[in-house]
Amino acid sequence: MNRLLPNNGKFCCPRWNKICVILTNTMCNTQHSLMLKRSPVCDGFKIQIVRLCYPPISYHVESRSRTIHQTLLVTVHSKKFRWEEEKKNDRTKWNFLEHKGPVFAPDYEPLPQDVKFYYNGKEMKLKPETEEVATFYARMLDHDYTTKKIFNTNFFTDWRDVMTESERSKIMELSKCNFKEMHAYFLQKSEERKAMSKEEKKKIKEQNEEIQKEYGFCTIDGHKEKIGNFKIEPPGLFRGRGEHPKMGKLKKRVIPEDVLINCSKDSVIPKPPPGHKWREVRHDPNVTWLASWTENVQGQVKYVMLNPSSKLKGEKDWQKYEIARKLAKSIDKIRAEYREDWKSKEMRIRQRAVALYFIDKLALRAGNEKDEDQADTVGCCSLRVEHISLHEHKDGKDFVVVFDFLGKDSIRYYNEVPVEKRVFKNVQLFMENKSPGDDLFDRLNTTVMNKHLNELMEGLTAKVFRTYNASWTLQQQLEKLTNADDTVAEKILAYNRANRAVAILCNHQRAVPKTHAKSMENLKAKIVAKKEAISEAEMQVKDAKRDAKHGSVKEKVVYEKKKKMLDRLREQLARLEVQATDREENKEIALGTSKLNYLDPRISVAWCKKYDVPIEKIYNKTQRDKFRWAIDMAGPEYIF
DNA sequence: TTAACCACTTAGCATATAAACT
DNA sequence: AGTTTATATGCTAAGTGGTTAA
């Protein structure tokens, strides 16, 4: 027992139901000899060795002794896991945190002499700071942004701010500025980058890996873990989404004097770049960020945080899905309750109940209030009268509410929803005597809603409904669409369809890919070619059949062969056609967001196991890293 | 009681890389 | 082998929801 040395004597849990132990090679160093050991115990728990991780999967623990260590994954046989006991009522996120600080954007490299800027047709040399900001604009010359008035005005105002007195006195109008040479220069640069030889590309890749190795990891409670965004955002022009009033404003260069560092007191404090100082070094174990700075455009704090594969993030993700599962258990009660509230005498309660119905039925976002200086978008609680219209009858359906508004990221939400009569009448009532710009739910906001939800169930907030609905839908669809005797390819198609149903529910859209039309054309051409091949093959089969009828054995074999060929062609055609419809249906739907943020991975993993689909077909490497907690633990019992 | 602040999750787009095709 | 197309990854904006300060 005491010969197992978990993390130099200390207990450590890299994944919350797995325990990492270190075994010295003085005991054994092969899996075989491990298997010969009696069932080991670790800190009072009976443990079983699941598999040898050699090299370790995603972390390693350093040791001061000279003995070689192996890292093992083990499962605890006790029902109560150690980490649960440790976590109770504890706000601390870590006990030890050490890292190298963030990586700053490279310094500005002035343009070559022959790349010129012209104002009003005349060449003009800009001082480096002015030139740098000009290049930000020049890079975007063929982007839609530069056709927008707000973008141009904001850019020009901020640009003039960085100019010297004399530059400012000359450059008075953006329309007289000619950035074309700069633009062409950057295009050429990117072409050059693309045309680089293999060796050059490899060299650059290696350099990046060096940086990643040095700055991309931290040590948190004995484990080396990946950092999500260790590079500080470079300066540029702010690209807000939708009609953002601040689009085009200059996002300034961040320097160490802007940056807060968060780490352990007893860790090696990261060194600021030569000649600089950090704004502050603090040691706050109640937060998970490693560094932060305040961005100048919106005044928001930006953070350097851990990668989703980290224990800290994984645990949080797991908790999220656990709450969604809890909601699944009490959803009937909650639904009954809000239906009852539709009849309430209090307007406040009715509004709350109708809004909750929308959140539940349509998976709408909560809808916090927003400031004036942001794009005008809404969620459920912030819906305005102008965003919905009521139809007693529409397209053969009764009591239809039509939603038409811009949601997060200014993505349009349009949905014609038949609702229950009582809901319809309530909405009618909420709209009475209001102007289009008035709030639909004037007695409601997200705080009120979430307070109520928390009373219904501990940990319940509006966003949990989205998670619950998404995961629940995935499971329903998977059950409906999967056949056990389908091929793996067909099963994956079923999975993607289920995924798509969720993406539609959550309104996860994307711009139609630029190459969509062309790739569609190519696919159609392939289908036509395949059809021609089929008719050709049909003819041949016919001939062969005739020959085979009275022919020799050899001719019969030929006939069989031709028949098989035809079948194969038909299969290929079917596959192409499926691919075509799939691509067409998918062109403006983004599957990634729901897969990454809304679908309980344990459902997917259980489905893979049940239908014998390799996990790699569903999740790529990044996703497998993120969902490792689920891949390790999931079994059929994790169906929702 | 409200607004500001803070920390963290969720989001789509751009670009890099890998895979498929010719 | 080079080119095109698909997928993965990086980036950072924009949400949610809790806490704190006025």
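The values are calculated or read from the model by the stated rules, or taken from the named source; none is laboratory data. Remember, it's a predicted structure, so these values are computed and weren't measured experimentally. Glycine also receives a Cβ, built like all others from the backbone with ideal geometry; neighbour counts cover every protein chain displayed.
Could you please let me know if A:MET196 is exposed (fewer than 14 other Cβ atoms within 10 Å of the Cβ), more than 14 Å from DNA strand C (Cβ to nearest atom), in the same structural domain as A:ASP114 (by TED's automatic domain parsing) and not in a helix (DSSP H, G or I)? No, not satisfied. Cβ separations smaller than 8 Å between residues 6+ apart or across chains give the following pairs from the stretch A:379-392 residues that are within 12 Å of A:ILE359 (Cβ to Cβ) to residues that are surrounded by 15 or more Cβ atoms within 10 Å (Cβ to Cβ) and of a type in the set (Asp, Glu): A:LEU383/A:ASP439. If you check A:VAL254 against the conditions, is it more than 11 Å from DNA strand B (Cβ to nearest atom), part of a loop (DSSP other than H, G, I, E, B) and touching a residue at least 40 places away in the same chain (Cβ under 8 Å)? In short, yes. Of all positions in the stretch A:587-601, at least one carries a residue that is in contact with a Lys or Arg (Cβ under 7 Å, 6 or more places away or on another chain) and among the acidic types (Asp, Glu).
State whether the residues of the stretch A:261-275 include one that is within 30 Å of A:ARG160 (Cα to Cα) and more than 8 Å from DNA strand B (Cβ to nearest atom). Yes, there is a match, as at least one residue in the stretch A:261-275 is within 30 Å of A:ARG160 (Cα to Cα) and more than 8 Å from DNA strand B (Cβ to nearest atom). Determine whether the stretch A:610-625 contains at least one residue that is at pLDDT 90 or above, touching a His at 6+ places or on another chain (Cβ under 8 Å), assigned to a helix (DSSP H, G or I) and buried (at least 16 other Cβ atoms within 10 Å of the Cβ). Within the stretch A:610-625, none of the residues are at pLDDT 90 or above, touching a His at 6+ places or on another chain (Cβ under 8 Å), assigned to a helix (DSSP H, G or I) and buried (at least 16 other Cβ atoms within 10 Å of the Cβ).
Residues checked against (1) under 30 Å from A:VAL605 (Cβ atoms); (2) at pLDDT 85 or above:
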{"residue": "A:ALA489", "(1), (2)": "yes, no"}
{"residue": "A:ASN496", "(1), (2)": "yes, yes"}
{"residue": "A:VAL502", "(1), (2)": "yes, yes"}
{"residue": "A:CYS506", "(1), (2)": "yes, yes"}
{"residue": "A:VAL512", "(1), (2)": "no, yes"}
{"residue": "A:LYS518", "(1), (2)": "no, no"}
{"residue": "A:GLU521", "(1), (2)": "no, no"}
{"residue": "A:ALA529", "(1), (2)": "no, no"}
{"residue": "A:GLU536", "(1), (2)": "no, no"}
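Out of A:ALA529, A:ALA533, one residue alone is outside the structural domain of A:ARG365 (by TED's automatic domain parsing), without any contact (Cβ under 8 Å) to a residue 12 or more places away in the chain and not in a loop (DSSP other than H, G, I, E, B). It is A:ALA529.
Say whether the condition of being more than 12 Å from DNA strand C (Cβ to nearest atom), at pLDDT 95 or above, β-branched (Val, Ile, Thr) and within 30 Å of the chain's Cα centre (by Cα) is met by at least one residue in the stretch A:300-323. No. Kindly indicate whether any position in the stretch A:612-619 is hydroxyl-bearing (Ser, Thr, Tyr), within 20 Å of A:SER471 (Cα to Cα) and free of Cβ contacts under 8 Å to residues at least 40 places away in the same chain. Yes, that holds for at least one residue. Look at (1) in a helix (DSSP H, G or I); (2) within 16 Å of DNA strand C (Cβ to nearest atom) and you find that A:LYS556 fails only one, number (2).
Each row is one residue, and each column tells you yes or no for (1) over 28 Å from A:GLU214 (Cα atoms); (2) more than 27 Å from the chain's Cα centre (by Cα); (3) surrounded by fewer than 16 Cβ atoms within 10 Å (Cβ to Cβ); (4) at pLDDT below 70.
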| position | (1), (2), (3), (4) |
| --- | --- |
| A:LYS80 | yes, yes, yes, yes |
| A:TRP94 | no, no, no, no |
| A:GLU98 | no, no, no, no |
| A:PHE117 | yes, yes, no, no |
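Annotation note: of A:SER382, A:SER330, the sole residue that is within 23 Å of A:GLN475 (Cα to Cα) and polar (S, T, N, Q) is A:SER330. At least 1 residues being out of contact with any Lys or Arg (no Cβ under 6 Å at 6 or more places or on another chain), among the hydrophobic types (A, V, I, L, M, F, W, C) and assigned by TED's automatic domain parsing to the domain that holds A:ARG575 is the threshold, and among the helices (runs of 4 or more DSSP H) wholly inside the stretch A:432-506 those reaching it are A:462-481, A:488-505. Note on the stretch A:208-242: residues that are of a type outside the set (D, E, K, R), over 28 Å from A:ASN95 (Cα atoms), more than 7 Å from DNA strand C (Cβ to nearest atom) and not in a strand (DSSP E or B) amount to 2. For A:THR473, the requirement of being among the β-branched types (Val, Ile, Thr), modelled with pLDDT of 95 or more, away from DNA strand B (no atom under 13 Å from the Cβ) and under 23 Å from A:LYS408 (Cα atoms) is met.
Restricting the stretch A:243-282 to residues that are of a type in the set (Val, Ile, Thr) and touching a Phe, Trp or Tyr at 6+ places or on another chain (Cβ under 8 Å) leaves a set whose member that is nearest to A:LYS93 (Cα to Cα) is A:ILE261. For the stretch A:518-538, the criterion of a residue being within 30 Å of A:ARG412 (Cα to Cα) and in contact with a Ser or Thr (Cβ under 6 Å, 6 or more places away or on another chain) is satisfied by no position. The residues on offer are A:PHE465, A:PHE403, and the sole one that is under 24 Å from the mean Cα position of the chain (by Cα) and at pLDDT 95 or above is A:PHE465. Are any of the residues in the stretch A:582-596 over 29 Å from A:THR515 (Cβ atoms) and under 17 Å from the mean Cα position of the chain (by Cα)? No, the stretch A:582-596 contains no residue that is over 29 Å from A:THR515 (Cβ atoms) and under 17 Å from the mean Cα position of the chain (by Cα). Would you mind stating whether A:LYS361 is under 30 Å from A:ARG624 (Cβ atoms) and either at pLDDT 95 or above or part of a helix (DSSP H, G or I) (or both)? When the stated conditions are applied, A:LYS361 does not pass them. Does any residue of the stretch A:490-502 turn out to be under 26 Å from A:GLU386 (Cβ atoms), free of Cβ contacts under 8 Å to residues at least 60 places away in the same chain and either within 16 Å of DNA strand C (Cβ to nearest atom) or of a type in the set (A, V, I, L, M) (or both)? The answer is no, given that none of the residues of the stretch A:490-502 is under 26 Å from A:GLU386 (Cβ atoms), free of Cβ contacts under 8 Å to residues at least 60 places away in the same chain and either within 16 Å of DNA strand C (Cβ to nearest atom) or of a type in the set (A, V, I, L, M) (or both). Within the stretch A:366-404, the set of residues being in a loop (DSSP other than H, G, I, E, B), crowded, with 20+ Cβ neighbours inside 10 Å and touching a helix residue (DSSP H, G or I) at 6+ places or on another chain (Cβ under 6 Å) comprises A:ALA366, A:THR377, A:CYS380, A:CYS381.
Note on the stretch A:364-391: residues that are among the polar types (S, T, N, Q) and out of contact with any Ser or Thr (no Cβ under 6 Å at 6 or more places or on another chain) amount to 3. Identify, from the list A:GLY242, A:GLY216, A:GLY222, the residue that is in contact with a helix residue (DSSP H, G or I) (Cβ under 8 Å, 6 or more places away or on another chain) and either away from DNA strand B (no atom under 14 Å from the Cβ) or of a type outside the set (A, V, I, L, M, F, W, C) (or both). Criteria check complete, one pass: A:GLY242. The single condition among (1) of a type in the set (Val, Ile, Thr); (2) in a helix (DSSP H, G or I); (3) surrounded by 19 or more Cβ atoms within 10 Å (Cβ to Cβ) that A:ILE349 does not meet is (3).
Taken together, the residues in the stretch A:626-640 that are more than 18 Å from the chain's Cα centre (by Cα) and at pLDDT 90 or above amount to 0.
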